[in-house]
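Derivation of every value follows stated rules applied to the coordinates shown; laboratory data play no part. Just so it is clear, the model here is predicted, and its values are computed rather than measured. Note that each Cβ is placed from the backbone with ideal geometry, even for glycine, and that neighbours are counted across all protein chains shown.
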Amino acid sequence: MAAGGKISGKGPELLKLGSGQARPGLPLNLIVQGKKQAYSGPPDVRSLLEAQGENSAYVNIRINGQIMVRRDFENISLCEGDRVDFLYFMGGGNV
Amino acid sequence: MFNLSEEEIERYSRHIILPEVGGSGQQKLKESSVLVIGAGGLGSPALLYLTAAGVGRIGVIEDDVVDLTNLQRQVLHATPDVGKAKAASASETMQRINPHVEIDVYQQRLTKENIFDILDKYDVIVDGVDNFPTRYLLNDACVMKKKTLIEGGILRFMGLIMSIRGGETACYRCVFEEPPPPGTVPSCAEAGVLGAVAGVVGTLQATEVLKILTGIGKPLYNRLLQFDAEELRFHEVKAKRNPDCPVCGKKPSITELVEYTYACKTQAPKT
C-alpha cells in the first residue's frame, strides 16, 4: 500500500486518508474534480468511480494530493471533505 | 556574437523581440536538439512549431504510412501524401517550413534495443506515441538516462500533458504505475478524437520544449495538466515523485528496460 492512514475497525478494513469523519446515513460532501458534490453511495473509491460513470480500469485517482495505486481502490475509504481528482489514461497520440 | 544570419534574424524577429528570448534565446534554440516520437496527432503540431521556431536539429521517429483517416488531425500531412511514409512526409513539410533546421529521420519503431542510442543524441524528448507499451518504455528510458520528456496524450475530447525531468521530477509511472489492462482503454481509432484537441496538446508540448530550451518560465514539472475540450477547462493536478515508483522510486524494481509485449486490443488497426 503506497498510502499511509487510519484503518477503520468495522466491516471490511478500508484505508482512510482524509481527516473528515464518516457520517452514517448522510451523504459525503466531496470535492470531485474541483466541484463540490454530495455523494451518498458506498464510501470506497471504486464505487465513487462507478457512480461518476468512470471505468476504474482507465482512471487513476488522487485523494487530498496523494496518488493512489489502482489495485487498492476497493480498500480506500472516502471521508467527509475529501478532494478527489481523476487522472485519465490517454494512450492516443499517433493514431 | 550570435551565429544567426540576416535571414534568420528576420525570420525569428518576433521571438527575438521578446526580452525573455532575445538573440541569445534564439541562438540556444539553434544549438538545441529535440526528438519527437511519432509524426501523428501530437507529433504534427509539435513538429510544426518546433521547426518554425528554429530548433537546430529535430529527430522524427515514425514507421507508419499516411492514411486518409489521419488527415483530420495530423496536420503535417496533406492529401497528396496518402500512402507515403509518414517520416518522409513529415520531413518534406518541415523542410518547406524552415530549411535552416536539420532533420534526422528514423523510419522505424522505438524498441528497447535502439532507444538509448537514439535518446542520447537529443536534449529534449517529446512523446507522441500511439500505444501504452512504447509510452512506458520511453518513460523508463528517460528516467534511466535522466532525459527531459514532455508527455502528451489525447482521447475523444480530452488531453493530458506533463513534463518530466528524468530522475528528478515525478515521472509517468509515479502517476500511472502500470499500463492499463489490455483492451480497457479505447484507442482514438475506437473512441474517436476531436482533431483540434491534438493541436492543443501537441502545441502545449512544443511550448514546453521551447521554454525549457531557453530557460523561460516554469516548466510543467511535478504537475499534470488535463484538458477537457467539452467544458473548455484545464485541470491541473500536482504530482509528487512517488517513493514507491517502480522506476524512479527509492528501491526501483525496474532497473532494465521492459517492453510490454501484450497484444493490445486498443491499438488502432493499420488500415
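So how far, in whole Å, is the C-alpha centre of the range B:7-60 from the one of the range B:182-207? One Cα centre to the other: 23 Å.
A Förster distance of 25 Å, applied to the separation of the beta-carbon atoms of B:SER13 and B:LYS218, puts the FRET efficiency at 0.45.
With an 8 Å cut-off on Cα pairs and a minimum separation of 6 or more residues, tell me the relative contact order of chain B in percent. Could the numbers behind the result be given before it?
Numbers: 539 pairs, mean separation 51.7, N = 271.
Result for chain B is 19 percent.
For B:ASP104, the residues 5 or more places off, or on other chains, whose built amide H falls under 5 Å of its own are B:ILE58, B:GLY59, B:VAL60. Couplings 3J(HN,Hα) of the range B:216-222, computed from phi: 8, x, 10, x, 7, 7, 6 Hz, in residue order, whole Hz [Karplus 6.51 cos²θ - 1.76 cosθ + 1.60, θ = phi - 60°; x for Gly and Pro].
Taking B:GLY159, B:GLY83, B:GLY59 in turn, the Gaussian network model of chain B (Cα-Cα springs below 10 Å) assigns the largest fluctuation to B:GLY83. Per the Cα gyration tensor, the protein assembly as shown maps to an equivalent ellipsoid with semi-axes of 39, 22, 19 Å, ordered largest to smallest.
Pull out a ≥ b ≥ c, the square roots of the eigenvalues of the alpha-carbon gyration tensor of the range B:70-155, then state rounded if a/c is under 1.5, prolate if not and a/b is larger than b/c, and oblate in the remaining case. Prolate shape, in that a/c is at least 1.5 and a/b is the bigger ratio. Averaging the Cα positions of each part gives two centres, and for the range A:52-80 and the range B:231-246 these lie 13 Å apart. Using a Gaussian network model of chain B in which every pair of alpha carbons under 10 angstrom is joined by a spring, one finds that among B:ARG14, B:ARG241, B:ARG73 the greatest mean-square fluctuation is at B:ARG14. The loop-placed GluC sites (Glu not before Pro) in the range B:54-123, going by DSSP, that have at most 10 neighbouring Cβ atoms within 10 Å of their Cβ come out as B:GLU113. The separation of the range B:112-156 from the range B:160-178, counted between C-alpha centres, amounts to 11 Å. Counting 0.36 nm for each residue step from B:LYS112 to B:GLU231 and taking away their Cα separation leaves a gain of 39.0 nm. Annotation: the range B:132-236 has a Kirkwood hydrodynamic radius of 14.4 angstrom, from the mean reciprocal C-alpha pair distance. Over all directions, the projected convex hull of the C-alpha atoms in chain B averages 14.3 nm² in area. Put simply, the convex hull of the Cα atoms in the range B:1-141 casts, on average, a shadow of 9.1 nm².
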